[in-house]
Structure formats: structure tokens, C-alpha cells
Amino acid sequence: MSAHTPFQSASVTVLGLGPMGRALAGAFLDAGLRTTVWNRTPGREKDLVARGAIAAPTAEEAIAASELIIICVVNYDASDAILRRDEVTAALKGRTLVNLSADVPGRSRDTGAWAAAHGIRYLDGAIMTPTPTIGTPAGVFLYSGPAALHQEHRPVLDALNGTHTHLGEEIGRAAAYDIALLDLFWTSMAGFTHALALAAAEGVSARELAPYAQGIGTILPPLFAQSAQEVEDGTYSGEGNPLTSAVSTMAHVVHASESHGIDASLMRAAEGMARRAIGLGHGDDGLTRMAEVLGRR
């Protein structure tokens, strides 16, 4: 693509060709980068090779092809199995490794320490949007690690399009954001699927409920901002909806669910946390008090 000619002399290697790895490699190719790919299971590279990618027979040969190495596999067990083989570790020495696999912050810190011990320049990262967004303005990428290293490789990383944010030098910060936001996403989606089951039991179809569920979604962003401020300030305001009122409506959801034989463990867990906060004397506080109670050591 003519718009991306500045990248034609640049190169990148992508290790791991699952759905996200293939999307990353495809975006680099579209941007005009010389892209080398490798996957532990052969065969997934064929469509990328047809688009101009170079398939390396081994991980170490793929690494030798570029100064910047991107690995994106299912978790850090999988990335360790690739990276911590002696010949691969040796090939990585002096090069920059960006790990976009998903795992917990502790694994990111462990990998950062391993990389430092072996002379590997390391950035940890997280992809916060699904594969169709890669290569588009909707993609969201987070990074942590040495700021100078991120800045050095920013032109190539920006070829993926979307937004790229460096969150700080502490290597586990990107994974910390990732795990917290995944917590929000999956509990939200689990709540929605439970709501669909409860609505269906009462004769309301998923399609009928959806517009009203979307209405709930629109009121959440300002509530997130307000709640975050309350947690930062330590105010935990219960004005308008104290915990004592909240647990009453939670109990209604539990009762209605169980009357239809629907598992209510999700809401029972939320109700239990709220009742714990009330039991500690916080009944007049708002739901944000639960974040403080959960974080107590």
C-alpha cells in the first residue's frame, strides 16, 4: 500500500499463528513490513505466505530475521515453551521481544526478569480488542517496560493501527490493566447471559430485552467515572442507593431466578459481598465500598 511505503525497509517477526497472531502478521503485511512468521504447528502460515510473509522453519531462524520479535500465544506456559529453549533464548539475545500473550501480572514480571538475565530487550503487552479490530483504528494495545524501548519500536508497532499506550516502566502494568478489564468484561457478559435466561423464563425474548440491556450499558460509563473517583477519594457515597437498598434488589434477582430453577450463584456471590460490607458497618455506603472491603488484607 503506497500509504505505508516508509515501512518497506522495516522487518518484524511474529511467533504464534493462532487467530490473533495471524491478524497481527496480516496487519504488518498490509502496512508494507517485511514479515517473518513461525508457528509450532505447521500449516497455519499458508495464507500469510500467499500475501508475502516469509515462513521460517524454526523459531530461532524466525528470530534471526528481525530485530523486533512479537510473540502472541494462548498464555505464558505456551510462550515459555517456545522462548525458554536454549537455542531460541540464544537467538533472542540483543533483540527486542514484545510478548502480547495473555496471562497474570506475576508471569509478566517473571518473564521480564528472565529476559533481563539473558540479555533480551523486553516489553510486555496486552491486546484489549478482538481480532477483527487489528489493523484498524479500533485496535487497542497496551505496553509496559522500558519507555525508551517502546519509543524505539513505536513506528513498527504503530503499523498495527489503533491506539498504542505505554503504561509505565513496571513490567507487570499492562497485564494488570488487562486482568482487571477482563474481570469487568467477563463478569458483565456472565451477568448478561444470566439476565437472558431469567427473562426467557418470564416469557421475555432475548431480542425484546436487548434494547433495554443496551440502555443499562449507556448509563455505566459515567457511573464508572464517578465510582472510580469515590474509590480514589475514599468517600464511598451511598446517597441515593446505599448498600442496604442494593442487597434488597439483589435478593429479588436471586429469588426470581431460583423460582424458575435457574442457578443464581452469580448474584448470590455479589449479594454475599454486599452483605459482608454491611456486616462490617458500611450499610449506608454505596456499592463502591465493596472494592475497599475486597482489597483489605
statement: Taking the range 237-296 and keeping residues farther than 21 Å from residue 225 by Cα, of a type in the set (D, E, K, R) and not in a helix (DSSP H, G or I) leaves 263, 296
- prompt: Checking residue 54 against (1) over 18 Å from residue 121 (Cβ atoms); (2) buried (at least 18 other Cβ atoms within 10 Å of the Cβ); (3) within 24 Å of the chain's Cα centre (by Cα); (4) β-branched (Val, Ile, Thr), which test does it fail?
  reply: (3)
query: Taking residue 17, is it part of a loop (DSSP other than H, G, I, E, B), touching a helix residue (DSSP H, G or I) at 6+ places or on another chain (Cβ under 8 Å) and within 23 Å of residue 143 (Cα to Cα)?
result: yes
- request: Tell me, please, whether a residue that is part of a helix (DSSP H, G or I), closer than 25 Å to residue 75 by Cβ, at pLDDT 95 or above and outside the structural domain of residue 105 (by TED's automatic domain parsing) can be found in the range 192-210.
  value: yes
field: Residues satisfying the stated conditions in the range 33-57, i.e. in contact with an Asp or Glu (Cβ under 8 Å, 6 or more places away or on another chain) and under 26 Å from residue 149 (Cβ atoms)
entry: 37, 38, 39, 53
field: Odd one out for residue 51, checked against (1) among the charged types (D, E, K, R); (2) in contact with a Phe, Trp or Tyr (Cβ under 8 Å, 6 or more places away or on another chain); (3) closer than 22 Å to residue 157 by Cβ
entry: (2)
message: For the condition under 19 Å from residue 180 (Cβ atoms) and either exposed (fewer than 11 other Cβ atoms within 10 Å of the Cβ) or touching a helix residue (DSSP H, G or I) at 6+ places or on another chain (Cβ under 8 Å) (or both), what is the one hit in 208, 232?
response: 232
query: How do the helices (runs of 4 or more DSSP H) wholly within the range 58-163 filter down when requiring 3 or more residues that are in contact (Cβ under 8 Å) with a residue 60 or more places away in the chain, among the acidic types (Asp, Glu) and buried (at least 22 other Cβ atoms within 10 Å of the Cβ): which remain?
result: none
message: So, in the range 241-250, how many residues would count as being surrounded by 16 or more Cβ atoms within 10 Å (Cβ to Cβ) and either out of contact with any Lys or Arg (no Cβ under 8 Å at 6 or more places or on another chain) or not aliphatic (A, V, I, L, M) (or both)?
response: 3
query: Can you tell me which residues in the range 253-297 are out of contact with any Phe, Trp or Tyr (no Cβ under 9 Å at 6 or more places or on another chain) and β-branched (Val, Ile, Thr)?
result: 253, 254, 262, 278, 293
field: Members of the range 22-48 found to be assigned to a helix (DSSP H, G or I) and loosely packed, with under 13 Cβ neighbours inside 10 Å, listed by number
entry: 46, 47
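The values are calculated or read from the model by the stated rules, or taken from the named source; none is laboratory data. Keep in mind it's a predicted model, so treat the numbers as computed, not measured. Note that each Cβ is placed from the backbone with ideal geometry, even for glycine, and that neighbours are counted across all protein chains shown.
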